[in-house]
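Student: Let me begin by handing over the structure; questions about it come next.
The values are calculated or read from the model by the stated rules, or taken from the named source; none is laboratory data. Since the model is a prediction, treat every value here as computed from it, not as a measurement. Neighbour counts run over all protein chains shown; Cβ positions are idealised from the backbone, glycine included.
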Amino acid sequence: MALGMVLSMVTSVLIAQANTNTIITGKLAQAGGDNAGTSAAATPVAAVTAAKPFDIVWSGLWPCCAGQSSFNLSKFPVLQEKRLAILDTQFGLYEQSFPPLGLPQTVDLAAHKAKVAHDAAHDGGGGRNVRGGIIPAGKDMYCCIDWESYTPVIFDHGTAAHSGGCPGPYSRYSQPGSACTMFNTVMNASVALVRQKAPGLNTSAAAALAAAEFNAAAKAFWLATIEVAQSTRPDCHWGFYGKPETEDIVPPFVDAFDRQVGDAFQWMFDASTAIFPSTYMHYNSTTCRTVGGYNASTCATYNLRYVEAITREAQRVNAARGPGRKKLKVLPWVWYRYISDHLTLLEPADMHTALAGPGLAGADGLLFYEDGLSWGPSPKQKAENKIDQEFIDEVVGPTAEALYGK
């Protein structure tokens, strides 16, 4: 799910969440109350024994609070705070690189690089008042650029290579990971740009040139971003959220097309200093519907294979960096809610899978997303925060300590 989207959803979902969390409170009691973490650690997923350091870094609240969590995590040393910066759509001139404000082809790249350098050293963009900057100089941190409005690769699949193109005049093309509405908007704008220079081109030729120009400009824009960011704050491990894009929810989860997408993004991984795929969980293993050959009795296996497949694809593109490049840390994003409804807290067994799966697949750590849905001063928000805090105290923290604590 989009990291920045949730904060904007707070008002509309708090009432629904109150009903959901009433149910969750009962489930915590059924899982063993204060012993729920022990119950979670007893699931069939094998315990993780990490011979290397394994960082579990809590996001805290962004962009409002510079990574300060609304929860008390002090009982669980394995959950690290203030080591993660999220750079959102206001980082650099990103918002001017897609419609309606522009395209990668039209952005002033020099102005963008100057703003990236400023934002990385100061407030992250948007004029936020963050004392000391969001990424202190010299601090070992993780810096995740959360850009999800479009994907910087447009594919020409033809009819044989891939049948999942977006409908309309550009059906042989697609922009993986992006909604078709944004894809067609980007293509329409890019084709219009081409026709300004070459009005005589036919539809097919104009689309081909538009896709090629977009791909080249988007690559230059995204590469410039991470290169300037790294030079400004070299002690931070820089990468993009949700890359590689392998969020298929039907087995085998990572197929030939997903690997084609990963290969097309290899320039991004070559330039990054960390890889941050997303492993947000879709299905409750106790009520899972039939999907891809799995059913309620095997959904726990489904969830584990899903998390492992995404992590291993990240390791594949990491290895493809080649012998001349240092292998990067891979830290998948984890969330304590199901992405299918953005509200329900994970079952204890599923929280265990979400934490253990990446470690089993060779990840170097996890980035833990705090969504802010229960953050605020109202009595209702405080009540919701208490329920979420109980879930952390009884499930998340004990399970993380059991798996990765020293």
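Student: Go through the range 102-135 and give me each residue that's modelled with pLDDT of 95 or more and assigned to a loop (DSSP other than H, G, I, E, B).
Tutor: Matches in the range 102-135: Gly102, Leu103, Pro104, Gln105, Thr106, Val107, Asp108.
Student: Which pairs do you get when a residue that is touching a residue at least 40 places away in the same chain (Cβ under 8 Å) and more than 23 Å from Asp248 (Cβ to Cβ), found in the range 259-274, comes within reach of a residue that is in a helix (DSSP H, G or I) and among the charged types (D, E, K, R), reach meaning Cβ atoms under 8 angstrom, with the pair 6+ apart or on two chains?
Tutor: Ala271/Glu227
Student: While we're here: If a residue must be crowded, with 20+ Cβ neighbours inside 10 Å and either among the aliphatic types (A, V, I, L, M) or modelled with pLDDT of 95 or more (or both), how many such residues does the range 245-258 contain?
Tutor: 1
Student: I would also like to ask the following. Residues of the range 305-340 being closer than 17 Å to Ser278 by Cβ, over 17 Å from the mean Cα position of the chain (by Cα) and modelled with pLDDT under 95, which ones?
Tutor: Hit for the range 305-340 is Arg305, nothing else.
Student: Condition first: assigned to a helix (DSSP H, G or I) and touching a helix residue (DSSP H, G or I) at 6+ places or on another chain (Cβ under 8 Å). Now tell me which residues in the range 184-205 satisfy that. If you could, list the steps in order and put the result at the bottom.
Tutor: Narrowing the range 184-205 to residues assigned to a helix (DSSP H, G or I): 184-197, 203-205.
Passing the criteria: Val186, Met187, Ser190, Val191, Leu193, Val194, Arg195.
Student: Go through the range 187-207 and report how many residues are within 30 Å of the chain's Cα centre (by Cα) and either surrounded by fewer than 17 Cβ atoms within 10 Å (Cβ to Cβ) or among the charged types (D, E, K, R) (or both).
Tutor: Qualifying residue count, the range 187-207: 1.
Student: Mind listing just one residue for me: the one in the range 136-160 that is modelled with pLDDT under 85 and touching a strand residue (DSSP E or B) at 6+ places or on another chain (Cβ under 8 Å) and, of those, farthest from Ala216 (Cα to Cα)? Talk me through it step by step, then tell me what you get.
Tutor: To start, the set of residues in the range 136-160 that are modelled with pLDDT under 85 comprises 156-160.
After this cut, where a residue has to be touching a strand residue (DSSP E or B) at 6+ places or on another chain (Cβ under 8 Å) as well, the list is 156-157.
Details: Asp156: 14, His157: 17 Å.
Among those that are modelled with pLDDT under 85 and touching a strand residue (DSSP E or B) at 6+ places or on another chain (Cβ under 8 Å), it is His157.
Student: Hey, among the residues in the range 259-277 that are part of a helix (DSSP H, G or I) and not hydrophobic (A, V, I, L, M, F, W, C), which one's surrounded by the most Cβ atoms within 10 Å (Cβ to Cβ)? Full working, then the answer.
Tutor: Residues of the range 259-277 part of a helix (DSSP H, G or I): 259-264, 266-271.
With not hydrophobic (A, V, I, L, M, F, W, C) added as a condition, the list becomes 259-260, 262-263, 266, 270.
On the way: Arg259: 15, Gln260: 16, Gly262: 23, Asp263: 13, Gln266: 14, Asp270: 14.
For the range 259-277, the residue satisfying everything is Gly262.
Student: Can you spot a residue in the range 374-390 that is among the aromatic types (Phe, Trp, Tyr) and closer than 21 Å to Ile275 by Cα?
Tutor: Filtering the range 374-390 for residues among the aromatic types (Phe, Trp, Tyr) gives 375.
From what is left, the residues that are closer than 21 Å to Ile275 by Cα are none.
So far as the range 374-390 goes, no, none of its residues is among the aromatic types (Phe, Trp, Tyr) and closer than 21 Å to Ile275 by Cα.
Student: Check Leu373, Leu355, Leu343, Leu366 and return the single one that is surrounded by 19 or more Cβ atoms within 10 Å (Cβ to Cβ), modelled with pLDDT of 95 or more and not in a helix (DSSP H, G or I). So that I can check it myself, show each step before the final result.
Tutor: Details: Leu373 fails: modelled with pLDDT of 95 or more; Leu355 fails: not in a helix (DSSP H, G or I); Leu343 fails: modelled with pLDDT of 95 or more.
Among Leu373, Leu355, Leu343, Leu366, only Leu366 is surrounded by 19 or more Cβ atoms within 10 Å (Cβ to Cβ), modelled with pLDDT of 95 or more and not in a helix (DSSP H, G or I).
Student: Would you mind stating whether Val317 is buried (at least 22 other Cβ atoms within 10 Å of the Cβ), in contact with a helix residue (DSSP H, G or I) (Cβ under 8 Å, 6 or more places away or on another chain) and not in a loop (DSSP other than H, G, I, E, B)? Steps first, please.
Tutor: Values: buried (at least 22 other Cβ atoms within 10 Å of the Cβ): yes; in contact with a helix residue (DSSP H, G or I) (Cβ under 8 Å, 6 or more places away or on another chain): yes; not in a loop (DSSP other than H, G, I, E, B): yes.
For Val317, the condition - buried (at least 22 other Cβ atoms within 10 Å of the Cβ), in contact with a helix residue (DSSP H, G or I) (Cβ under 8 Å, 6 or more places away or on another chain) and not in a loop (DSSP other than H, G, I, E, B) - is met.
Student: Take the residues in the range 209-232 that are surrounded by fewer than 22 Cβ atoms within 10 Å (Cβ to Cβ) and in contact with a strand residue (DSSP E or B) (Cβ under 7 Å, 6 or more places away or on another chain); name whichever of them is farthest from Phe155 (Cα to Cα).
Tutor: Applying the filter and picking the extreme gives Gln230.
Student: Looking at Phe253, Phe221, Phe240, which one is closer than 23 Å to Ala111 by Cβ and either of a type in the set (Asp, Glu) or outside any helix (DSSP H, G or I) (or both)? So that I can check it myself, show each step before the final result.
Tutor: On the way: Phe253 fails: closer than 23 Å to Ala111 by Cβ; Phe221 fails: either of a type in the set (Asp, Glu) or outside any helix (DSSP H, G or I) (or both).
So the residue among Phe253, Phe221, Phe240 that is closer than 23 Å to Ala111 by Cβ and either of a type in the set (Asp, Glu) or outside any helix (DSSP H, G or I) (or both) is Phe240.
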